[in-house]
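Student: The structure is given below, and queries will be raised subsequently.
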Amino acid sequence: MRPSATRVAARWLQAKKRLVVYRAHYGRPDLTDANAANLMGIVIFLQSAMDMGPVNTDAPYLSKFVVEIDGEFGPYQYFQRGRADNPLPGPPQVGVKEKGRGGRWFSFPKGGPWRVSSVKTAPMGEGRTRGGPDPGKPGVLFNEAGYLRDSELESGDAEAMRWVESFF
């Protein structure tokens, strides 16, 4: 017996997922063979980067992607400079990994069942030059004086998420 068009459409809609993810990056915004996080995940990343200092956050941009995913999630892959540290057998799937405090990280392998439907980009900013007159440039991570945004990003998770989202 052939399934009705309504049942087929219902299964197709259930398999579709819409995600909003954030990625710190260089150059043009792209998720191909890359990792990104949900809003809480990127807040955790920025907070830990502040603890480690600007060396860990030298990516000049933070982008917000709206991604359409068709199908189920698979295992998470860590990508570095477009290469998987742990290549997985089988067809590519969007991977997911849970982090603490509601943070989730996603991996987007080339050829996987996903597509970006929109993207917005904000500058991370630049830190103050040590001992120099350059005050830096403001952005998500640095304020107008070129200092890390401690008060905004460490004021509690809800406030930090509102702060990051305010750039988009």
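Student: Does G125 fit the bill of being more than 23 Å from D58 (Cα to Cα) and at pLDDT below 95? Outline the logic, then answer.
Tutor: Numbers: more than 23 Å from D58 (Cα to Cα): no; at pLDDT below 95: yes.
Considered against the rule, which asks whether it is more than 23 Å from D58 (Cα to Cα) and at pLDDT below 95, G125 comes out as no.
Student: In this structure, is A122 more than 17 Å from S48 (Cβ to Cβ), in contact (Cβ under 8 Å) with a residue 24 or more places away in the chain, among the hydrophobic types (A, V, I, L, M, F, W, C) and surrounded by 14 or more Cβ atoms within 10 Å (Cβ to Cβ)? Break it down stepwise before answering.
Tutor: Working: more than 17 Å from S48 (Cβ to Cβ): yes; in contact (Cβ under 8 Å) with a residue 24 or more places away in the chain: yes; among the hydrophobic types (A, V, I, L, M, F, W, C): yes; surrounded by 14 or more Cβ atoms within 10 Å (Cβ to Cβ): yes.
The answer is yes for A122.
Student: Tell me yes or no: at least one residue of segment 57-75 is assigned to a helix (DSSP H, G or I), modelled with pLDDT under 80 and either of a type in the set (A, V, I, L, M) or touching a His at 6+ places or on another chain (Cβ under 7 Å) (or both). If you could, list the steps in order and put the result at the bottom.
Tutor: Filtering segment 57-75 down to residues assigned to a helix (DSSP H, G or I) leaves 57.
Checking the rest, the ones that are also modelled with pLDDT under 80 come to 57.
This time we only want the ones that are either of a type in the set (A, V, I, L, M) or touching a His at 6+ places or on another chain (Cβ under 7 Å) (or both), so: none.
No: segment 57-75 contains no residue that is assigned to a helix (DSSP H, G or I), modelled with pLDDT under 80 and either of a type in the set (A, V, I, L, M) or touching a His at 6+ places or on another chain (Cβ under 7 Å) (or both).
Student: Still on this model: Would you confirm whether or not segment 107-118 contains a residue that is among the charged types (D, E, K, R) and within 17 Å of M40 (Cα to Cα)?
Tutor: Going through segment 107-118, the residues among the charged types (D, E, K, R) turn out to be 110, 115.
Next, only the ones that are within 17 Å of M40 (Cα to Cα) stay: none.
For segment 107-118, residues among the charged types (D, E, K, R) and within 17 Å of M40 (Cα to Cα): absent.
Yes/no matrix, rows are residues, columns are (1) over 14 Å from the mean Cα position of the chain (by Cα); (2) closer than 24 Å to D150 by Cα:
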residue: D33; (1), (2): no, no
residue: E68; (1), (2): yes, no
residue: F73; (1), (2): yes, no
residue: K97; (1), (2): no, no
residue: R101; (1), (2): yes, yes
residue: K110; (1), (2): yes, no
residue: V116; (1), (2): no, no
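Student: Let me ask another. For segment 92-109, which residues satisfy the criterion of being of a type in the set (V, I, T) and free of Cβ contacts under 8 Å to residues at least 24 places away in the same chain? Let's see the steps before the verdict.
Tutor: To start, the set of residues in segment 92-109 that are of a type in the set (V, I, T) comprises 94, 96.
V96, the sole residue that qualifies.
Student: Right, something else. Considering only residues that are over 13 Å from A36 (Cα atoms) and either among the aromatic types (F, W, Y) or touching a strand residue (DSSP E or B) at 6+ places or on another chain (Cβ under 8 Å) (or both), look in segment 74-83 and name the one that is surrounded by the most Cβ atoms within 10 Å (Cβ to Cβ).
Tutor: The residue in question is G74.
Listed here are the residues, each with its yes/no results for (1) more than 19 Å from R18 (Cα to Cα); (2) in a strand (DSSP E or B).
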position	(1), (2)
S107	no, yes
V119	no, yes
A122	yes, yes
R128	yes, no
E144	yes, no
E159	yes, no
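The values are calculated or read from the model by the stated rules, or taken from the named source; none is laboratory data. Remember, it's a predicted structure, so these values are computed and weren't measured experimentally. Glycine also receives a Cβ, built like all others from the backbone with ideal geometry; neighbour counts cover every protein chain displayed.
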